[in-house]
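Asker: Would you mind keeping the following structure in view while I ask a few things?
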Amino acid sequence: MLLLVLAAVTAVQEIGWEPAAPRQGSLIVVSAADAVTGEVAGEPLHFRAGKAFAAVPLTASDSVKVVTLSIRWDGAVIGHEATVPVVARKVPANEEVRAAERFTPPPDSALQARIDREGTLSRDAARRAHELPRLWKAPFLRPRTSRVTSVFGSGRQVNGVWRSRHYGLDLAGAKGAPVRASNRGVVALVGDFFYGGISVYLHHGDGVMTVYHHLSRALVAAGDTVERGQIIGRVGATGRVTGPHLHWGAQYGAVSFDPTDLLKLR
């Protein structure tokens, strides 16, 4: 469970959360009346009417600390630290993936420089996700209604080499099939990345960002405002892939979470 308790000199105010037992790599909603600011896993919280989103890292062990949750109480701002117990995420056994051989050897200096530059762009997009107010009103939707080919959180061996956990949801699709924005947002970044291929990053406000990798074509540009369900690209097989599909990711700031959690928001 998640227990956040605010202590003041003359009173104690309880802080709520949903879900009651957050899993690794999940989106949570923190509630605290009169909350001003806060931080979870290094990411700032944006309280609206006493509620804010946060995300539990996929790499969290059995708890994640909520640091400096600041609450306005009788006109004063006081800080509080609490620990959120985390439930392990159950995922299938490690997946074995075959990709082009250029993804097998360690990168040389030139390629590593490219990967580092692209990482900087992605981190900057994640940081800027906190700068926009909430842009959506309708529920989130899946960018494709096709079958899931790989779940969030599973382990990955690429060409026989262990790489990392899977930080997105893979959705089947033939090359050229439409990819839709999961909700209203502003295009934060469009690029052709070594691992992600042609990719679109969307800011939805209040720290929430969705990512669409391995496209054959992007149909939007940075700065565009897109609507829920708008076609923003086409399925492809760019980057490190085994074949055409869409990798759909979701982040709260820099913390990745299971994008299907967005579908539960109402």
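Asker: Counting just the residues of segment 99-128 that are modelled with pLDDT under 80 and surrounded by 14 or more Cβ atoms within 10 Å (Cβ to Cβ), which one comes out nearest to F194 (Cα to Cα)?
Answerer: Filtering first and then ranking leaves F103.
Asker: Checking the condition assigned by TED's automatic domain parsing to the domain that holds G236 and closer than 26 Å to A113 by Cβ, which residue from A174, A218 passes?
Answerer: Result of the check over A174, A218: A218.
Asker: With a cut-off of at least 3 residues that are over 17 Å from G207 (Cα atoms) and over 17 Å from the mean Cα position of the chain (by Cα), name the strands (runs of 3 or more DSSP E) lying wholly within segment 11-64.
Answerer: Strands (runs of 3 or more DSSP E) meeting the threshold: 12-18.
Asker: Hey, another quick one. Select from segment 240-255 the residues that are out of contact with any Asp or Glu (no Cβ under 8 Å at 6 or more places or on another chain) and not small (G, A, S) and list them in ascending order.
Answerer: R240, V241, T242, P244, Q251
Asker: Of the residues G185, G196, G236, only one is closer than 30 Å to A88 by Cα, buried (at least 20 other Cβ atoms within 10 Å of the Cβ) and small (G, A, S); which?
Answerer: Testing whether each residue is closer than 30 Å to A88 by Cα, buried (at least 20 other Cβ atoms within 10 Å of the Cβ) and small (G, A, S) leaves just G196.
Asker: Could you please find all residues in segment 15-46 being surrounded by fewer than 22 Cβ atoms within 10 Å (Cβ to Cβ) and without any contact (Cβ under 8 Å) to a residue 40 or more places away in the chain?
Answerer: G16, E18, P19, A20, V29, S31, A33, D34, T37, E39
Asker: Quick one: which strands (runs of 3 or more DSSP E) sit completely within segment 196-266 and have at least 2 residues that are at pLDDT 95 or above and among the aliphatic types (A, V, I, L, M)?
Answerer: 197-205, 208-218, 231-235, 245-252
Asker: Looking at segment 38-53, is at least one residue at pLDDT below 85 and of a type in the set (D, E)?
Answerer: There is no residue in segment 38-53 that is at pLDDT below 85 and of a type in the set (D, E).
Asker: Criterion first (under 29 Å from T37 (Cα atoms) and of a type in the set (A, V, I, L, M)) does L262 satisfy it?
Answerer: yes
Asker: If you go through segment 199-239 one residue at a time, how many are closer than 28 Å to F47 by Cα and not hydroxyl-bearing (S, T, Y)?
Answerer: 17
Asker: Can you name every residue in segment 112-129 that is over 16 Å from H213 (Cβ atoms) and polar (S, T, N, Q)?
Answerer: The answer is Q112, T120.
The values are calculated or read from the model by the stated rules, or taken from the named source; none is laboratory data. A quick note: this is a predicted structure, and the numbers were derived from the prediction, not measured. Using ideal geometry, Cβ is built from the backbone for each residue, glycine included, and neighbour counts are taken over all protein chains shown.
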